[in-house]
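Structure first, then comments.
The values are calculated or read from the model by the stated rules, or taken from the named source; none is laboratory data. All values reported here derive from a predicted model rather than from experimental measurement. Methodologically, a virtual Cβ is constructed for each residue, glycine included, from the backbone with ideal geometry; neighbour enumeration extends over all protein chains shown.
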Amino acid sequence: MAFGGQCVGVSGPSAPTEPASFHHWATSVPVAQSACVPYQVTEWATGIATDSWSWSGSFWSLGGQRVPVLRSTPLEDTGWVWEVFCGPDAGIRYVGYTQLPRRPDPCPLDTPVAQCLPGFNPGAFRAAAAGDVPAEVITASPPTAGLVGVPVTMVLNPQPKTAQAVIDVTVPDLGDGDLGETIHVEWVVQAAPEQISWALPNGTTTAAGVWIPQVAERSLDLVATVTYQVTAFGFWSDGVDLHQLGPKSVGTITVTSRLPYGVQQVQSDLG
């Protein structure tokens, strides 16, 4: 069976540039005591964009100690735990590593889900959808000139149909408070034809594409106006789950087509 939808692949967040702000260690920094007291401190590893990165078994050396190579990922902060010594044996000793989860989100934590619209831009969305709306052309029957009293049938070619535009945006990871880390968002914008109105040369407007001319004229215009209702819905990924955004009304797009037309008067034969 034919698939009438659209497949959209959404990538996860970029590599973190700092530890997640909601962890306790992000807001409490060790302070050196006036009288030196041994203490432990965690140094957090730099970020890597690969969500599934894991330790490969490689080491680096510090003062004869074997220290594992670690990375923080968009979904998990990883850090080395060091023990700091004082006095004649002053120095540091690696005692292990720790991991804490990140929670990437393109909206601040205090933003209600219904109001979480990362990258939402009605003007840009309408412009993108308008670029995919076909330029309809009016065709009439009779094609070039009508006759007084004879119905003129008007149609648009191609017939207005729903158009789509896919918009990629990148926004900061506000859930972690790491403005240097970004999250990929996809918006799908749909422009659906809501109504077609015809402006006839006699000054009337109708939804029917039929006109019966009453007067012979050389220069007339048949005008069709199509109104598209534009909506958007989107997705973003935290590297594990896909989160849906929308739908949200964007506005309308109005497209007008015009056809110059003439009407003739045919007299019956009086003999």
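Candidates are the residues of the range 150-177 that are small (Gly, Ala, Ser) and outside any strand (DSSP E or B); the one that is surrounded by the fewest Cβ atoms within 10 Å (Cβ to Cβ) is Gly177. Within the range 54-93, the set of residues being at pLDDT below 90 and under 30 Å from Ile183 (Cα atoms) comprises Ser54, Trp55, Ser56, Gly57. For the structure I just gave you, tell me whether Val240 is in contact (Cβ under 8 Å) with a residue 40 or more places away in the chain, touching a strand residue (DSSP E or B) at 6+ places or on another chain (Cβ under 7 Å) and not polar (S, T, N, Q). So Val240 fails the test. On the basis of being at pLDDT 90 or above, part of a loop (DSSP other than H, G, I, E, B) and either crowded, with 18+ Cβ neighbours inside 10 Å or of a type in the set (Asp, Glu) (or both), does Pro193 make the cut? No: the conditions fail for Pro193.
For the residues Val210, Val263, Val230, the requirement of being more than 16 Å from Thr139 (Cα to Cα) and among the β-branched types (Val, Ile, Thr) singles out Val230. If you go through the range 55-102 and pick out every residue that is assigned to a loop (DSSP other than H, G, I, E, B), of a type outside the set (Phe, Trp, Tyr), without any contact (Cβ under 8 Å) to a residue 40 or more places away in the chain and surrounded by 11 or more Cβ atoms within 10 Å (Cβ to Cβ), you end up with 3. Here the range 222-271 is the region considered, the condition is being small (Gly, Ala, Ser) and within 25 Å of Thr162 (Cα to Cα), and the residue that is surrounded by the fewest Cβ atoms within 10 Å (Cβ to Cβ) is Ser249. Residues of the range 31-51 that are of a type outside the set (Asp, Glu) and at pLDDT 80 or above: Pro38, Tyr39, Gln40, Val41, Thr42, Trp44, Ala45, Thr46, Gly47, Ile48, Ala49, Thr50.
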